[in-house]
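What follows is one structure encoded as structure tokens, with my remarks underneath.
The values are calculated or read from the model by the stated rules, or taken from the named source; none is laboratory data. This structure is a prediction, so every number in the text was calculated from the model and none was measured. With ideal geometry, Cβ positions are generated from the backbone for all residues, glycine too; neighbour counts draw on all protein chains shown. For accessibility, only protein heavy atoms count, side chains too; no ligands or nucleic acids. Shrake-Rupley method; radii C 1.70, N 1.55, O 1.52, S 1.80 Å.
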Amino acid sequence: MRVEALPAKPGKHHLHNYEEQSANFDWSEVEKEFSWAKTGKINMAHEAIDRHAESDRKNKVALYYKDQHRNETYTFYEMKRMTNRAANLLKSHSDLEKGDRIFIFMPRSPELYFLMFGALKMGLIVGPLFEAFMEGAIYDRLEDSNAKAIITTPELLPRIPKDRLPNLKTIFLVGEEGAEETDGHVDVLKHLNSCSDQFDVEWLEKEDGLVLHYTSGSTGKPKGVLHAQYAMVQQYQTGKWVLDFQEQDIYWCTADPGWVTGTAYGVFSPWLNGVTTVILGGRFSPDAWYQAIEDYGVTVWYSAPTAFRMLMGAGDALVKEYNLSTLRHVLSVGEPLNPEVVKWGAQVFDKRIHDTWWMTETGGQVICNYPSMAIKPGSMGKPIPGVQAAIVDDQGTELPANQMGNLAIKKGWPSMMRQIWNNPQKYDSYFLNDEWYVSGDSAYMDEDGYFWFQGRVDDVIMTSGERVGPFEVESKLLEHPAVAEAGVIGKPDPVRGEIIKAFVALVEGYEPSDELIEEIRQFVKKELAAHAAPREIEFKDKLPKTRSGKIMRRVLKAWELDLPTGDLSTMED
Ligand code: WTA
């Protein structure tokens, strides 16, 4: 069923004539915005912070930060000084050099952003991690990328297996209580304010590294997606076209920086555009969220379908308790945005929710709904100008309208990932005929050029907006002494998109029980991450496997959903 299209929004928009602007667009025009055009060198932290601190925006608010304990405001000038201090601190307490990997593993706080941009000022490659990660997940990422340093808190420190990571030389600890400075530990808060607020940024090439985001695929370990400084060109420009940034906007992106949305659109895009950004710490809470919109007068709000569905579940009466009238533009990313949610948004906020599609690998928004364009609820919209997307078959031939196939992007868009860390073969495997980047999503394009998401081609699970690789969870399950075989699928769920369901065959001698289910769940939670722990576990005598021994997740899924199992010719007897 297709819900009726919502008409374009009146007003002055950066993207006002899609066809014309797409036809004439040239990325080299955007490059002129940045120092690279003048000096041949670039640095994200300079373009996002220092440049504004040295302009009329000097005293403009860059960051409103709020959590249960803190409520702080920083101008661009103050951000420049604090990130300079952070850079000096990182530099004077380590032997980190340009291009080295430093990870950030801590809850959101102003210091997280001072240190992130301080690291960028030094020319380091920043690897953000979710606070929920446990020892195994941290080890994999630090080991694979050969990280030399990590920034964390005393509370999270026990999860870092330093003895197994010989190259991890320095651990920066951010905690009020202070930390003992032995064994490569540095107490950040003890030194930060006495560090100099002057720092000469490391000038970089546009192809030098920026961030390293680990993300899950359906096979193998999580992979390190490396983005280059040049990604800023697309992150900046989509801020205009898609987020529709205006000088006076108060912008709030709800994503954690552990996720690419929280870096690219949490801070890079708004600050590249000199826009005031709200960052809210702590957990999701409908009251705190609506309160934040009211208190800060948020005008542009970027969130995810799971969050919108949870807000929907919290009821419409709650919405009426807050003044949300400042909202001008609402957007979503991460999973299919259900037409019901778009309809709900139009009813309760009197705002269309604009869906945007992109991936960790794309480094920036690719297919989007724009304010100046009618929205077809359920559709992801159209490709941004300057980037070509298409539906192709497995040979790379473009398919006609309304035919389902692989959603693909023409190689070479500005914020395209530059490497899969340590794994050139994996990187190459994304591209077809050296022409198309194949996303792993299936979709079709309708006769008006709108793209419609159909599903993942592989088995990647999207649960509450988090991308979880079934293989990673299966591997962890197998480490439990009671588990002989494990197969993991995403089971559709009205609120979370999907939940993780595990099918488990037990080692001889173990009996199925509720206690065992709980024990196995806790095991995954403790070793991997809470969001990766299966919500449901079902015991089976044996799991369906191919003759080569690969668990057939598609058969498990068919069983679960009562669907035909399809071709079973490759299944073992
Ligand atoms: C899914 C970060 C439907 C999709 C931004 C993609 C979406 C994966 C949408 C990437 C959308 C993202 N509609 N599905 N608007 N946006 N996805 O790298 O399957 O964590 O391939 O994303 O999320 O996940 P990632």
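Odds and ends about this structure:
- The combined condition, being farther than 27 Å from residue 238 by Cβ and surrounded by fewer than 18 Cβ atoms within 10 Å (Cβ to Cβ), is fulfilled by residue 317.
- For the range 284-323, residues that are part of a loop (DSSP other than H, G, I, E, B), over 20 Å from the mean Cα position of the chain (by Cα) and in contact (Cβ under 8 Å) with a residue 40 or more places away in the chain total 3.
- Filtered residues of the range 343-372 (kept if of a type in the set (A, V, I, L, M) and either away from the ligand (no atom under 16 Å from the Cβ) or modelled with pLDDT under 95 (or both)): 346, 348
- Residue that is surrounded by the most Cβ atoms within 10 Å (Cβ to Cβ) [pool: residues in the range 120-142 that are part of a loop (DSSP other than H, G, I, E, B) and modelled with pLDDT under 95]: 133
- Subset of the range 321-339 [modelled with pLDDT of 95 or more, among the polar types (S, T, N, Q) and open to solvent by less than 70 Å² (accessible area, probe 1.4 Å)]: 326, 332
- Qualifying positions in the range 397-424 - open to solvent by less than 10 Å² (accessible area, probe 1.4 Å), in contact with an Asp or Glu (Cβ under 6 Å, 6 or more places away or on another chain) and over 30 Å from residue 143 (Cβ atoms): 407
- Count of residues meeting criterion [open to solvent by 40 Å² or more (accessible area, probe 1.4 Å) and under 25 Å from residue 213 (Cα atoms)] in the range 433-453: 3
- Elements of type strands (runs of 3 or more DSSP E) in the range 434-528, at least 2 residues being among the hydrophobic types (A, V, I, L, M, F, W, C): 436-445, 451-456, 461-463, 483-493, 497-506
- For the range 454-495, a residue qualifies if it is without any contact (Cβ under 8 Å) to a residue 40 or more places away in the chain, farther than 20 Å from residue 530 by Cβ, more than 16 Å from the ligand (Cβ to nearest atom) and open to solvent by less than 50 Å² (accessible area, probe 1.4 Å), and exactly one does: 482.
- Condition check for residue 49: out of contact with any Ser or Thr (no Cβ under 8 Å at 6 or more places or on another chain) and closer than 30 Å to residue 169 by Cβ: no
- Residues in the range 72-117 that are buried (at least 23 other Cβ atoms within 10 Å of the Cβ) and either of a type in the set (Ser, Thr, Tyr) or not assigned by the TED database to the domain that holds residue 284 (or both): 2 in all.
- Of 187, 256, all but one fail to be of a type in the set (D, E, K, R) and in contact with a helix residue (DSSP H, G or I) (Cβ under 9 Å, 6 or more places away or on another chain); the exception is 256.
- Test: residue in the range 381-395 that is open to solvent by less than 10 Å² (accessible area, probe 1.4 Å), closer than 21 Å to residue 466 by Cα and in contact with a Phe, Trp or Tyr (Cβ under 8 Å, 6 or more places away or on another chain): no
- Qualifying residue in the range 6-17 (condition: assigned to a helix (DSSP H, G or I) and over 27 Å from the mean Cα position of the chain (by Cα)): no
- The residues of the range 277-312 that are of a type in the set (Asp, Glu) and in contact with a helix residue (DSSP H, G or I) (Cβ under 8 Å, 6 or more places away or on another chain) amount to a single one, 287.
- Those residues of the range 289-306 which are open to solvent by 10 Å² or more (accessible area, probe 1.4 Å) and either within 16 Å of the ligand (Cβ to nearest atom) or in contact with a strand residue (DSSP E or B) (Cβ under 7 Å, 6 or more places away or on another chain) (or both), in sequence order: 296, 297, 299, 304
- Within the option set 335, 321, 340, being of a type in the set (Asp, Glu) and in contact with a Gly (Cβ under 6 Å, 6 or more places away or on another chain) holds for one residue only, 335.
- Test: residue in the range 528-548 that is away from the ligand (no atom under 16 Å from the Cβ), surrounded by fewer than 17 Cβ atoms within 10 Å (Cβ to Cβ) and small (Gly, Ala, Ser): yes
- Any hit, the range 342-358, residues being in the same structural domain as residue 405 (by the TED database), open to solvent by less than 10 Å² (accessible area, probe 1.4 Å) and in a helix (DSSP H, G or I): yes
- Here 427, 444, 450 are screened, and the one residue that is under 20 Å from the mean Cα position of the chain (by Cα) and of a type outside the set (Gly, Ala, Ser) is 427.
- Of all residues in the range 438-453 being of a type in the set (Phe, Trp, Tyr) and in contact with a Lys or Arg (Cβ under 8 Å, 6 or more places away or on another chain), the one that is farthest from the ligand (Cβ to nearest atom): 450
- Among (1) farther than 15 Å from residue 416 by Cα; (2) under 20 Å from the mean Cα position of the chain (by Cα); (3) buried (at least 20 other Cβ atoms within 10 Å of the Cβ), the one test that residue 222 misses: (3)
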